[in-house]
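Trainee: Below is the structure I would like to discuss, written out as structure tokens.
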Amino acid sequence: MESSELNIVKRFIEGDEKAFDQVFSILSRNIWLYFYQNTRSREITEELVQDAFLRLWKYRSNIDPEQGIKKYLNTIARSIFYNWIQEMAKERKMQLEYTDHYKHGNYDVKCEDVYIRMDFNSLIEKTQSILSEKRRRVFLMSKVSGLSYDEIAIELSIGKETVKDHISKATRKLAVLNHSGDYL
């Protein structure tokens, strides 16, 4: 590693924001391409890139200056992508189980079950079309899966305040669309 690269790495580890900007401009394109090749969605890619660089900044003290930032960032990107895949698989499984439960259940369907199913499906559809992937995931984890803010924060490796912010903004957006403020 050249001395100029080592200097940037050391400044980055020390919390120099200009060094962060340099690292971002050098490495963001490759990380963006990695996520885009695997998700085929610009919106999801943007969120995953942001998550990767936020996590890189948060855990910069763990970086070995001799190894450099690129290897550490690639590890973070793979971890974030793996977590995203797991989350999408959980969501898909939950949707399939829910659908299967109501299609093949051997029980009397009550009127309230139909309304719940309609509300659930409507909620899923509305969130897909108007919320970013990350905000949608946080919102559904809270409102559909019933997870607490702490559980969501741990699961997604984000702060509890970020979870609150996502849920608050998602709820406001859905309420505005519903015009009654009573969607949920």
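The values are calculated or read from the model by the stated rules, or taken from the named source; none is laboratory data. Please read these numbers as outputs of a predicted model, since none were measured by experiment. Positions of Cβ are generated from backbone atoms using ideal geometry, with glycine treated the same way; all protein chains shown enter the neighbour counts. Surface areas here come from the heavy atoms of the whole protein model, side chains and all, with no ligands, DNA or RNA. Shrake-Rupley method; radii C 1.70, N 1.55, O 1.52, S 1.80 Å.
Trainee: Taking a threshold of 24 Å on the Cα-Cα distance, which of the pairs 90/160; 10/164; 93/160; 70/90; 93/169; 93/134 fall above it? Mind showing how you got there, number by number?
Mentor: Working: 90/160 21 Å; 10/164 34 Å; 93/160 26 Å; 70/90 30 Å; 93/169 26 Å; 93/134 18 Å.
Going by Cα-Cα distance, 10/164; 93/160; 70/90; 93/169 fall outside the 24 Å limit.
Trainee: Here is a follow-up. Evaluate E = 1/(1 + (r/R0)^6) for residue 157 and residue 71, where r is the Cβ-Cβ distance and R0 equals 22 Å; express this FRET efficiency to the nearest 0.05.
Mentor: Numbers: r = 19 Å, r/R0 = 0.88.
Computed FRET efficiency for residue 157 and residue 71: 0.70.
Trainee: Classify the range 21-81 as rounded, prolate or oblate, taking a ≥ b ≥ c as the square roots of the eigenvalues of its Cα gyration tensor: rounded when a/c is under 1.5, otherwise prolate if a/b is larger than b/c and oblate if not. Numbers along the way, then the final one.
Mentor: Numbers: a/c = 1.99, a/b = 1.85, b/c = 1.07.
Judged from the Cα gyration tensor, the range 21-81 comes out prolate (a/c at least 1.5, a/b above b/c).
Trainee: Grab the beta carbon distance between residue 129 and residue 28, set R0 = 35 Å, and tell me the FRET efficiency rounded to 0.05. Each step should come with its number before you reach the end.
Mentor: Details: r = 28 Å, r/R0 = 0.80.
Efficiency computed from Cβ-Cβ geometry: 0.80.
Trainee: Residue separation times 0.36 nm, minus the C-alpha to C-alpha distance between residue 36 and residue 168: what's the value?
Mentor: Numbers: separation 132, 0.36 × 132 = 47.52 nm, distance 2.82 nm.
Contour length minus Cα-Cα distance gives 44.7 nm.
Trainee: Largest first, how would 29, 78 line up by accessible area (1.4 Å probe)? Each step should come with its number before you reach the end.
Mentor: Working: 29 160, 78 130 Å².
Reading off the accessible areas and sorting them downward yields 29, 78.
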